[in-house]
1. So what's the net charge close to residue 91: Lys and Arg +1, Asp and Glu -1, counting the other residues with Cβ under 13 Å from its Cβ?
2. Pop out the ³J(HN,Hα) list for the range 33-47 in order, Karplus 6.51 cos²θ - 1.76 cosθ + 1.60 with θ = phi - 60°, rounded to Hz; leave Gly and Pro as x.
3. Taking Cα pairs under 8 Å and at least six residues apart, what relative contact order does the chain come out at, in percent?
4. First check a/c for the range 30-94, with a ≥ b ≥ c the square roots of the eigenvalues of its C-alpha gyration tensor; if it is under 1.5, answer rounded, and if not, answer prolate when a/b is larger than b/c or oblate otherwise.
5. Probe radius 1.4 Å, ligands and nucleic acids ignored: give me the carbon and sulfur share of the accessible area of the chain as a rounded percent.
6. If you look at just the Cα atoms of the range 1-123, how large are its Rg and its Dmax in Å?
7. Average the reciprocal distances over every distinct pair of alpha-carbons in the range 59-121, invert the result, and give the Kirkwood radius in Å.
8. Evaluate E = 1/(1 + (r/R0)^6) for residue 169 and residue 63, where r is the Cβ-Cβ distance and R0 equals 30 Å; express this FRET efficiency to the nearest 0.05.
Amino acid sequence: MSKSPPKSAGHKTNPRIAEMLRVDHAGEYGAVAIYRGQQAVFKRSSKTREIAAQLAEMEAEEQKHLDAFDKLLVERNVRPTAMTPLWNVAGYGLGVVTALMGEKAAHACTEAVETVIEQHYAEQAESCKDEEPELAATFLEFREDELHHRDTAIAGGSQDAPAYRALSSVIEAGCRVAIAVTAKI
């Protein structure tokens, strides 16, 4: 497959692709904030240092994704969402609250978020694979990382969290609302 030339900063990106990039950038921004919030709680105790280290690894992968979307926004001349400050506070807060509920609740948060995001990436990759094969490949690469995070959370006992079904449903619904809002604002 031949590599297409990078888009210039003056290039007008297809509005549908711009929406995808804006949403994904915000999502990765929020994921980094969630993991930072969880680590802020778990790093405080020697009993939870193992999960803190695990969360730091996942945050590093999310940061890699965020850095890629930072670059794509500039290359494609796409504005980030105006909701970034809210997503930062909401993500960090969600991370802190779920961590305060315990390791399993933190894992339930990860499972819920990553379930929505991996599905989102799969849909995006499918919808743009013909028009933007390299972007679709990026979505699929990042989806694999999200699946790994989800599977790690499940192995960590996410489904044993207190009020698992309610917690997961609320977080998944929040992610879907954030995606819809971020696509436009």
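1. Here the charged neighbours net out to -2.
2. Per residue, the Karplus-derived 3J(HN,Hα) values read 5, 4, 5, 5, x, 5, 5, 4, 7, 6, 5, 7, 10, 5, 5 Hz.
3. It rounds to 28 percent for the chain.
4. Judged from the Cα gyration tensor, the range 30-94 comes out oblate (a/c at least 1.5, b/c at or above a/b).
5. So the carbon and sulfur contribution to the accessible surface is 57 percent.
6. Radius of gyration, then largest Cα-Cα span, for the range 1-123: 16.3, 51 Å.
7. After inverting the mean inverse Cα-Cα distance, the result is 13.4 Å.
8. E(calc), rounded to 0.05, equals 0.60.
The values are calculated or read from the model by the stated rules, or taken from the named source; none is laboratory data. If you're wondering where the values come from, they're calculated on a predicted model, not measured in any experiment. When we count neighbours, we look across all protein chains shown, and the Cβ atoms used for this are built from the backbone with ideal geometry, even at glycine. Surface areas here come from the heavy atoms of the whole protein model, side chains and all, with no ligands, DNA or RNA. Shrake-Rupley method; radii C 1.70, N 1.55, O 1.52, S 1.80 Å.
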